[in-house]
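Written out below as structure tokens is the structure these notes cover.
The values are calculated or read from the model by the stated rules, or taken from the named source; none is laboratory data. Note that the structure is a prediction, hence the values are computed from the model and not measured. When we count neighbours, we look across all protein chains shown, and the Cβ atoms used for this are built from the backbone with ideal geometry, even at glycine.
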Amino acid sequence: MKSMLCMEKTFGCFLLFGLGMLQHVSAQDAGRMLNEEPRIQYRAGFISSADVTAIHKLAESIGFEPVNDATQEVSGGEELCILNSSNTEEGEELLDEVAGWEATHRFEVAASTWAGLPKQNATAVVSRWQPWTPGSYLNRSSVLHLDSRLRPHHRRTVLAYLGNDHSVSEHPGVTGSYHGFTVFPCIETDDIEPKEAARREKMCSRAHRYVKLAHDRLLKIHAEGMALHPDKQLKFLQDHPELTSLPPLAPSGVRPTNWIWTPAQDAIPVAAGAMHADSLSDLAEAMCKGRAPGLRVMPEPGSALLIDSARAARRGSSLTIPDWRLWHTGCSPTMSSGHRWTIQLFFDDVINEQKTTNKKNGCNQAGHQQKHQCAAESKQ
């Protein structure tokens, strides 16, 4: 379904950049449904400017750690800070940290209410992104990804924008476009021609199929190795180094899928001897640079997105179903005033995760024949 943004052809609905019309969202679209199916909803002023500043100070106080290929908490940015108050000893917080924890709690409560799901064990994560430098090839520091990446029971995401390194009040005239857009290349909007929409559908669904098939192949190889005698398993692993890319088991006992898409995957031919397919990564890059139409969200400080990342699991299954139309990435900020800051909370499907945990416990207590059945179900 096409994005609802441009059903009203207002002046603020478009920006003209170079060759194409680029649809964007700004603060005037407070509370707007950007896309109905899958749902992408936008709210301006979701976090107050005071709370934005307080979260900045809290994250700076806790400290950041680098993001790398092994990072599971986020899929973009160069640094992250996990806001887990249980890691702070009672009585050691400074006044600024107290204000930061209170701001984080308000964000978590509001996000849970908006998502319609309990927080459970989810933890708010702040990401920090390097600014774009002239001459660099990429205008973004995030790979294309689905938020179900390494989260087999993920259902919804709340992503809020925290501006740059400075507090909101220090730069009241700086608009969100300088802080780095979030782009959704697979969402059809009114400014995308039918032929282009069909091309994008082909690219986006192909990426989804490729990642799923690659994951399923790894699971099959892994099962073959596990069926061998323990004395032969080390040799099998040495013969299949690709198994090192298989994600570890989730707490529920399910092997999650790494839903990312890279330029290297774009370079793989669709079939043997065929030409390379159109590049989804290049499309996202063009949207970051304003050279291709589509939905990109202006990250006004304090604004937020609610994303219906996955559909409920099919009957008899324990896993939610990621929506291939929600591939997205973050663009780097286009000015050298500082980093791009975001805060995210990822919500799991309560019922399905509980069912999976119960099933895992049952499998652990099952007999030999039932354990084979459990192993087969875990590959789904």
> So which helices (runs of 4 or more DSSP H) stay within the stretch 218-323 end to end and still have 1 or more residues that are in contact (Cβ under 8 Å) with a residue 60 or more places away in the chain and buried (at least 16 other Cβ atoms within 10 Å of the Cβ)?
Replying inline: 280-288
> What's the number of the condition Ser205 fails, among (1) free of Cβ contacts under 8 Å to residues at least 12 places away in the same chain; (2) polar (S, T, N, Q); (3) within 17 Å of Ile268 (Cα to Cα)?
Replying inline: (1)
>> For the stretch 13-33, check the following and say yes or no: at least one residue is within 20 Å of Cys331 (Cα to Cα), modelled with pLDDT of 90 or more and not hydroxyl-bearing (Ser, Thr, Tyr).
In response: no
>> Go through the stretch 176-221 and report how many residues are among the charged types (D, E, K, R) and under 19 Å from Pro293 (Cβ atoms).
In response: 10
> When you go through Glu73, Glu89, Glu97, Glu102 one by one, which is the residue that is at pLDDT below 80 and more than 19 Å from the chain's Cα centre (by Cα)?
Replying inline: Glu89
